[in-house]
Amino acid sequence: MKRPRDRTPYQKDPRSEPISSTTPDGFFVYVQDQHGVVWVLPDEGHVHPRVLGQAQPAKYAGDLSIEHGIITSVTNLSGTFRFASKKGLRGVARQLRNQGLNVRAGAVRFFSTNGQRPIVLE
């Protein structure tokens, strides 16, 4: 579990919801809560700390995209949380499947903190 770098106790955004097979296509930020549930918000500037709100810690966070109901990209990119665990990102992909989504082959991409090209994990 990791607390957000921005500890401002923002209110939880009312659009924040657990991702599901009914989540529309688009670009999202995600935060995995302490129970493992992946929550999403449309990708806008500095919304990671508003996904759960109140500066709650996260198990993992990043961004993802959905096209035609399929996860086409899931990464660890989050300036608010900065997770750097490949195992954690694989766990997010597994949880997305558990929440009813299909994750396309090649969609799980890990970005290192040193600016190198992303590594495709799955």
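The values are calculated or read from the model by the stated rules, or taken from the named source; none is laboratory data. Treat the numbers as computed from the prediction; the structure is a model and nothing was measured. Glycine gets a Cβ as well: all are built from the backbone with ideal geometry, and neighbour counts include every protein chain shown. Accessible surface areas use protein heavy atoms only, side chains included; no ligands, DNA or RNA. Shrake-Rupley method; radii C 1.70, N 1.55, O 1.52, S 1.80 Å.
Of note:
- Classified by the C-alpha gyration tensor, the chain has an oblate form. Its axis ratio a/c, with a ≥ b ≥ c, is 1.5 or above, and a/b does not exceed b/c.
- Summary of packing: across the peptides 55-68, 102-115, the per-residue average of other C-beta atoms within 10 Å ranks them, highest first, as 55-68, 102-115.
- Here the range 1-88 exposes an accessible surface that is 51 percent carbon and sulfur, computed with a 1.4 Å probe and the other protein chains kept in place.
- Dipole magnitude for the chain: about 600 debye, using +1 per Lys or Arg Cβ and -1 per Asp or Glu Cβ, origin at the Cα centre.
- Charge-dipole axis of the chain as Lys and Arg at +1 and Asp and Glu at -1 on Cβ define it, positive-most pick from Leu41, Ser65, Gln54: Gln54
- In this structure the range 24-71 gives 42 Å² per residue of accessible area when probed at 1.4 Å with all protein chains present.
- Considering only alpha-carbon pairs that sit under 8 angstrom and 6 or more positions apart, the relative contact order computed for the chain is 24 percent.
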